[in-house]
Structure formats: C-alpha cells, structure tokens
Amino acid sequence: MPTASSTAFVADSTLGLTPEEALRHGIHLVPQQVVHKDRTYRDFLDITPEEVLALLEKGERLTTSQVAPADFQETYERLLRTHDRVLSVHISGQLSGTVATALSVAQHFGGRVKVLDSWSLNGGLWLVLEEARRLLKEGVAWERLEERISPYRERVRGYVLPKTLVYLQRSGRISGLQGLVGGLLRILPVLEVKGGRVLPGPRVRGFHEGLRRIAELFRRDFPQGALVHLAHAANPEGARALGELLRSEGVEVLSTLPAGAAVSVHTGPGTVALFAGPRR
C-alpha cells in the first residue's frame, strides 16, 4: 500500500528530457503531439526530436498539439495504483491547451490528481516542478500547494533566441515582411517567457549579440544569481557559448536540455534558450 506521502510527478514532454531521463528524476512524461501532413505523432513515442528537426530543415511544415486526454487518463490510472496522489505540472496554459485537458481528466479522480500550470516550459517547467516537490517534502498541505508555489512561479523567466526568423514566420508569429526585413538585416528577436506568456524582447543584430543580450537580461532579472537550465534545438555550440558567458560570471548551469518539439517547431533549429528561477 502507498504511504500517506506517496506522490507521483507528471510533466509533459516540453520538459525537454526523454521519458527515460525523466524517470531517473522521478518524473513521468506524457507526450505532446506533432502534426505533419494531417497525421499526428506522439512526441518521443511515435517521432523523435531528431526526426522533427530533420523535417523542419527539409522545409516541411509542422505544428504541435496538446497531450491527448487518453494519455492523461492512462497515466493517472497507472500511477494511482501505486501512489496516493499525482502532481501533474505542465506547459503554460497560455501557450497550450495541455493544462485545460489535464484539469478535465483530473476531475475524474476525486482530488487525488492536482494539476499545476508552470507558466513556463522546458527548464522553467522543471524548476516549478522541483519547487513543488520541495514544498511537499517540507510538509506543505496538498490543498495549499498552488497558493504556496505561486510567488516562485511568478519569478521564473525564460529567454529564447531563434537562429533565424524563418520558422517564426511559418508559424505565424511574425509577418512575411518582418521576416524579409529581419533576414536582410540579420535582426533577431530575443523572446522572453514570463507570467505564462512569450513576449517580444529586445532585437539584436546577429546570433552572438543575442547570446550576450540573454546574459544581460538574466543579470537584470537575477542580480543575486539563480537556478539555470539551458536548452537548444540542434545547436550545442550555441548553448555551450551561452553557458561559458554565464560561467565566466560564476553562474552554475544545472543542465543543458533539448528544446523539444514544441519549441523547435515554432522557433526552428538552431534556437538557444535559458530558463532561470530563484535560488532556495
């Protein structure tokens, strides 16, 4: 029989870890979905991140879709056979319908499943999940968890730098004219993830200037330091360069994650991102 403190942790695949890696951290993944030519593939299960990137680089048009209700149902039922409760933490509800779907499915489990909106994705999602785990270990009541984690969640930030405007244009995030002008002038946007939304940040001339600007934004938002995860879409060199900028200032990078299908489809191969949250 599970103990009273037995909690299983669930995240969606925007977390950036493979299902096997996530399990090593005590996290059970449910797959986001990638849509290509009217066919839907479950992230990691039916299509790999490498296959997603290869299709994008060939010029194929892809979109993403939220986790299927059946995947939530199966995961919650399976975990509740061995745990008292499930904490399910997901990509911002302003970026995906995943949280809404999880809440709908969770209603069938009589309070044993709690759903949290991370207000972020990838490394930001991981930071919020780990803070929730810490609070539960400290004895915070299940019913008060969202209230207690809210101040931390509000301070988590993400900074995303695409290597090209092509994919933002394809996904409708910028106009064709903006893409043309930006491409000619090598102007790139630094996107900021905060409060659950992706907001346009400063524009920079060239990728390396963008990495420096990310480091500046990080210093602005976290002058006392922070917990940091990096992410990239087939750009380990870019992530390494950003990591070196941070480490030269004494910042510890906890991990470097794949950006995942959701980020890669909308911002494209070459994207580099930094996610940060306050130290505890």
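The values are calculated or read from the model by the stated rules, or taken from the named source; none is laboratory data. Quick caveat, the model's predicted, so the values are computed rather than measured. Cβ placement follows ideal geometry from the backbone for every residue including glycine, while neighbour counts extend to all protein chains displayed.
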For the range 57-68, does any single residue satisfy the condition of being touching a strand residue (DSSP E or B) at 6+ places or on another chain (Cβ under 6 Å) and at pLDDT 95 or above?
-> yes
Going through the range 189-218 one residue at a time, which ones are under 21 Å from the mean Cα position of the chain (by Cα) and charged (D, E, K, R)?
-> GLU192, LYS194, ARG197, ARG213
Is one or more of the residues making up the range 66-78 without any contact (Cβ under 8 Å) to a residue 12 or more places away in the chain, acidic (Asp, Glu), within 30 Å of ALA8 (Cα to Cα) and surrounded by fewer than 20 Cβ atoms within 10 Å (Cβ to Cβ)?
-> yes
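Going through VAL99, VAL89 one at a time, which residue ends up being at pLDDT 95 or above and in contact with a helix residue (DSSP H, G or I) (Cβ under 9 Å, 6 or more places away or on another chain)?
Details: VAL99 fails: in contact with a helix residue (DSSP H, G or I) (Cβ under 9 Å, 6 or more places away or on another chain).
Of the residues listed, the single one that is at pLDDT 95 or above and in contact with a helix residue (DSSP H, G or I) (Cβ under 9 Å, 6 or more places away or on another chain) is VAL89.
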Kindly provide the set of residues from the range 2-43 that are over 27 Å from LEU145 (Cβ atoms), among the hydrophobic types (A, V, I, L, M, F, W, C) and surrounded by fewer than 20 Cβ atoms within 10 Å (Cβ to Cβ), ordered by number.
-> VAL35
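Considering only the range 108-123, I want to know if a residue exists there that is in contact with a Phe, Trp or Tyr (Cβ under 7 Å, 6 or more places away or on another chain), assigned to a helix (DSSP H, G or I), surrounded by fewer than 20 Cβ atoms within 10 Å (Cβ to Cβ) and not basic (Lys, Arg).
Our first condition is that a residue be in contact with a Phe, Trp or Tyr (Cβ under 7 Å, 6 or more places away or on another chain); within the range 108-123, this holds for 109, 113-114, 120, 122-123.
After this cut, where a residue has to be assigned to a helix (DSSP H, G or I) as well, the list is 109, 122-123.
Those still in the list that are surrounded by fewer than 20 Cβ atoms within 10 Å (Cβ to Cβ) too: 109.
Add one more test, that the residue is not basic (Lys, Arg), and what stays is 109.
Checked the range 108-123: at least one residue is in contact with a Phe, Trp or Tyr (Cβ under 7 Å, 6 or more places away or on another chain), assigned to a helix (DSSP H, G or I), surrounded by fewer than 20 Cβ atoms within 10 Å (Cβ to Cβ) and not basic (Lys, Arg).
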Would you be able to say whether some residue in the range 232-241 is in contact with a Ser or Thr (Cβ under 7 Å, 6 or more places away or on another chain), under 21 Å from SER65 (Cα atoms) and of a type outside the set (Phe, Trp, Tyr)?
-> yes
